[in-house]
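S.K.: A single structure is presented below for examination.
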Amino acid sequence: MTLPDPLHQTIAILYQAIEPPVIDGARKEAKPGGYSDSGADIGVALRSAGCTLATPVADPDPTQVFDWVWPDTAEGIAAALAAGATVLWANTVVFAGHPIETASRLAWIVGPDPQAMQAIDDKRETNARLLAAGLPVVPSWLIDGDAPDLDAEIAPFAASLPLVVKPLRGRGSQGVGVARDFDQLAARVAALAASRRFGSAIMLEQFLPGEEITITVMPAAARPGETAPFALPPVRRFDQVDEVAPYNGDVPVSHNSAAMTPAECAAPAIAAVTAACEAAAALLEIRATMRIDCRADAQGRFFLFDVNAKPNLTGAGRPGREDEDSLSTLAAAALGWRYPDFLVAALRAAWTNKETPE
């Protein structure tokens, strides 16, 4: 079922006020501000597209982010629904047991299903699932940061260097680094384990030396006539720091990323990985915008290495936000969608667990 009359709904945007739990020894660190900045971007853009918003204040100021967003707590959601919201835009990290599960029986939801997102955020399990389906996935391994002898734990991987060291449930490029020799590997693993920022679960991933791109995939419902998830034009990443894209909070992605041209998108290797990302989204039964990071090996063949069920959706439009387009909004612009167009497309993919959706 699809959301009736998307432009005639009342939308409340949620931000992250709930600290994500530790799941199987892994922790996804909360973002400072809880995505309230992108929530305000979304609100201002949706209003410019003619949408009706339920906001915590009657006349929200585009420069004040918390004028536009509600906390994703049970109390915050209840307040948004009491203010007339028929759609809850979950611009937050959800997980099994999140209050959005209960809310989905009362309203339409824009965002991933909580249990599905929790599963997808386990990078190792998600990669294994995609690999079992025959999709090209970067080889990876899981180690325990609480092991009594970390050097012994990582010794078997000495022959696989260089390796990427990363949290199992990370956010952006935080905690990610490349180890080119065993000493670097030991140091990076020890540092991640000691910090406890991301829990004890640490992922090692084969480093690929080729080009990095990211592909945004939309649910079929986002565009009339679609019957399967569809990809936006890939975005090329460049100006990386030690082979890792810098965190977007440090360097705006508009400074180190650019959408590919139609001719570049038609290249066999790009067309193949785009199709693989669409197949991955279909396999994972996505309900919301998803972004998949990919990288090429020395022969130019691309592999999927990170599935992001809650991509950043910042966008230019508010005062002082001219440089804040996200990777997904850059991709949408290459398709001819302005930021509000992209958000309305995402809105069309809203889902609900109401027994009798209206």
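S.K.: Note down all Cβ pairs under 6 Å where the first residue falls in the stretch 226-237 and is under 18 Å from A288 (Cα atoms) and among the β-branched types (V, I, T), the second is at pLDDT 95 or above and surrounded by 17 or more Cβ atoms within 10 Å (Cβ to Cβ), and they're at least six residues apart or on different chains.
M.R.: These pairs meet every condition: T227/A220.
S.K.: Also, quick follow-up: Filter the stretch 19-73 for residues that are open to solvent by 40 Å² or more (accessible area, probe 1.4 Å), aliphatic (A, V, I, L, M) and within 24 Å of E125 (Cβ to Cβ) and give the result.
M.R.: V22
S.K.: Hey, among the residues in the stretch 181-206 that are part of a loop (DSSP other than H, G, I, E, B) and open to solvent by less than 20 Å² (accessible area, probe 1.4 Å), which one's modelled with the highest pLDDT?
M.R.: Taking the candidates together, the pick is S200.
S.K.: Go through the stretch 310-325 and give me each residue that's of a type in the set (G, A, S) and open to solvent by less than 30 Å² (accessible area, probe 1.4 Å).
M.R.: G315 - this is the single residue of the stretch 310-325 that is of a type in the set (G, A, S) and open to solvent by less than 30 Å² (accessible area, probe 1.4 Å).
S.K.: For the structure I just gave you, tell me whether S140 is among the hydroxyl-bearing types (S, T, Y), surrounded by 14 or more Cβ atoms within 10 Å (Cβ to Cβ), touching a helix residue (DSSP H, G or I) at 6+ places or on another chain (Cβ under 9 Å) and over 30 Å from D5 (Cα atoms).
M.R.: Judged against the criteria, S140 is a match.
S.K.: Oh, and also: Within the stretch 110-133, restricting attention to residues that are touching a helix residue (DSSP H, G or I) at 6+ places or on another chain (Cβ under 9 Å) and free of Cβ contacts under 8 Å to residues at least 60 places away in the same chain, which residue is farthest from L347 (Cα to Cα)?
M.R.: The extreme case among them is E125.
S.K.: Related question: Note down all Cβ pairs under 8 Å where the first residue falls in the stretch 288-302 and is of a type in the set (K, R), the second is open to solvent by 30 Å² or more (accessible area, probe 1.4 Å) and assigned to a loop (DSSP other than H, G, I, E, B), and they're at least six residues apart or on different chains.
M.R.: Listed by first residue and then by second, the contacts come to R295/E211.
S.K.: Does S328 meet the test of being hydroxyl-bearing (S, T, Y), at pLDDT 95 or above and open to solvent by less than 20 Å² (accessible area, probe 1.4 Å)?
M.R.: Against the criterion (hydroxyl-bearing (S, T, Y), at pLDDT 95 or above and open to solvent by less than 20 Å² (accessible area, probe 1.4 Å)), S328 qualifies.
The values are calculated or read from the model by the stated rules, or taken from the named source; none is laboratory data. As the structure is a computational prediction, the values presented were derived from the model and not from experiment. Every residue, glycine among them, receives a Cβ derived from its backbone with ideal geometry; neighbour counts consider all protein chains shown. What goes into the accessible areas is simple: the full protein's heavy atoms, side chains included, and nothing from ligands, DNA or RNA. Shrake-Rupley method; radii C 1.70, N 1.55, O 1.52, S 1.80 Å.
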